[in-house]
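In what follows, a single structure is set out as structure tokens and then discussed.
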Amino acid sequence: MSREKPSRLVVKCGSSLLMHPETGANDVYITALAGQIAHLLRDGIQVVLVASGAIAMGRCVLGGSGDDSTLARQVLAAVGQTPLMTTFAARFEKFGLNVAQALLSRGSLNQRDGYLNARNTLMELMECGILPIVNENDVVATEELQIGDNDSLAALVANLVDADLLVMLTDVDGYLAADDEGRATVVPSVQQITPEMIAAAGGAGSAAGTGGMRTKLEAAGLATSHGATVVVGPGRLERGLTRIVAGEAIGTTFVATGDRRESRKRWMLTDLALRGRVMVDAGAADALVRAGRSLLPAGIVEQAGEFGRGDLVAVVGPDGAVVAHGLTNYAATDLQRIAGQDSRQIAAILGFEYGAEIIHRNNLVLIGTSVTS
Ligand code: GLU
């Protein structure tokens, strides 16, 4: 099987692979993973790693505790996250890689500004060649708002950064189903995830982590519907990650059912979601349309609507025609004060800044063209 080389990849690695129940982090495994990710980055692929293990690490630090309450898990995660990241930083450094920690929660991703902050930061880290390592912010997650397992988190992250491939490495060979003789065999490719498949997958995960095949199928359903290809594959196979990314027939491939750019674009183009309008001069309109640039404050003439940071706004050219839709980095009240100004003045005028761009090109869809990023 051959697969197009992905441009942006999310790799999810579970606690059972990354951790050793007695000794803490599995150094050998993490080093091998770091080597493979370094190779992928050198090959021009942007990567986000979703890694759990904070709770398992916390357990190693504090000694085994049978208490499985949410609070006990939050305490363990709070204790374990730092040594976990320290291990990652040391192992990845061997391959010349800088890592960054990003702890996300459902609450923050559900908020428009939290979503935009997380997206902008992860994108910028990748642009800088730094590997973002994502985990759930277990400390702030209430029970109802918990993402709960890193399979779901990985699917949310894949959507957040518009990944074209999500690889979930696990301790089984892939998604298994009974063959004609009733033996469990890996299904090489799944076109459509059905409710029956999810029901049959059961719930239990491993001792170290929270996920199981059920959460993987649900996560795969979410990510494929947003246009990512998903592979659930064996995490212990030698060079397994690089081989999967190269398109070797390993594990189970869940075929993308949606179109990544299209679904994002469709949402961005919905007039119903618009919260305001930003009028720009001819130079700015031209820079967006012809040069594929971001929208800077200097080109903004005026604005209308009470939009907040992260809201969708229309960009209107001097002739009154809508040029683009995009997610604004600045609220209307702030924009009023910086419109027409040089980006370097933003911090001095507002007392803070969210970057030089009012709308970054990553968060912009041009109207009447197929260019999206
Ligand atoms: N966020 C949890 C941790 O780092 C794990 C969640 C999971 O196992 O999927 O320990």
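In summary, the lysines within cross-link reach of LYS12, defined as a Cα separation below 24 angstrom excluding same-chain residues under 8 places away, comprise LYS94, LYS216. When only the Cβ of Lys, Arg, Asp and Glu is charged (+1, +1, -1, -1), the dipole of segment 244-331 relative to its Cα centre reaches about 180 debye.
Charged side chains reduced to their Cβ positions (Lys and Arg at +1, Asp and Glu at -1) give the chain a dipole of some 600 debye around its Cα centre. Between ALA273 and ASP68, the modelled labels are 3.9 nm apart [label points 7 Å from Cα along Cα→Cβ]. Here the Karplus curve 6.51 cos²θ - 1.76 cosθ + 1.60, taken at θ = phi - 60°, turns the phi angles of segment 133-138 into couplings of 10, 9, 9, 6, 7, 4 Hz, with x standing for Gly and Pro.
Legend: calculated FRET efficiency, THR185 to ARG344, from the Cβ-Cβ distance at R0 = 45 Å, rounded to 0.05, equals 0.15. For GLU302, nonlocal amide neighbours, meaning residues 5 or more places apart or on other chains whose placed amide H falls under 5 Å from its own, are MET279. The ranking of ARG344, ARG239, ARG8, ARG275 from fewest to most other beta carbons within 10 Å of each one's beta carbon is ARG344, ARG239, ARG275, ARG8.
In this entry, the chain is assigned a mean projected area of 20.2 nm², taken as a quarter of its C-alpha convex hull surface. Note on the chain: antiparallel DSSP beta bridges, both residues inside, total approximately 40 percent of the bridges counted.
Footprinting exposure proxy ranking of CYS13, CYS128, fewest other C-beta atoms within 10 angstrom first, gives CYS128, CYS13. The alpha-carbon of LYS5 sits under 22 angstrom from the alpha-carbon of none of the lysines, leaving out residues fewer than 8 places away in its chain.
Between helix 27-42 and the chain there is an angle of about 40 degrees, using the helix long axis and the longest principal axis of the Cα atoms.
Counting only residues at least eight positions apart within a chain, or on another chain, the aspartates and glutamates with an alpha carbon under 16 Å from that of LYS265 are ASP162, ASP164, ASP311.
For an R0 of 22 angstrom, estimate the FRET efficiency from the Cβ-Cβ distance between ASP171 and THR31 and round to the nearest 0.05.
0.75
Where a number appears in this text, it was derived from the coordinates with a stated rule and is not lab data. As the structure is a computational prediction, the values presented were derived from the model and not from experiment. No Cβ is skipped: glycine too gets one built from the backbone with ideal geometry, and neighbour counts run over all protein chains shown.
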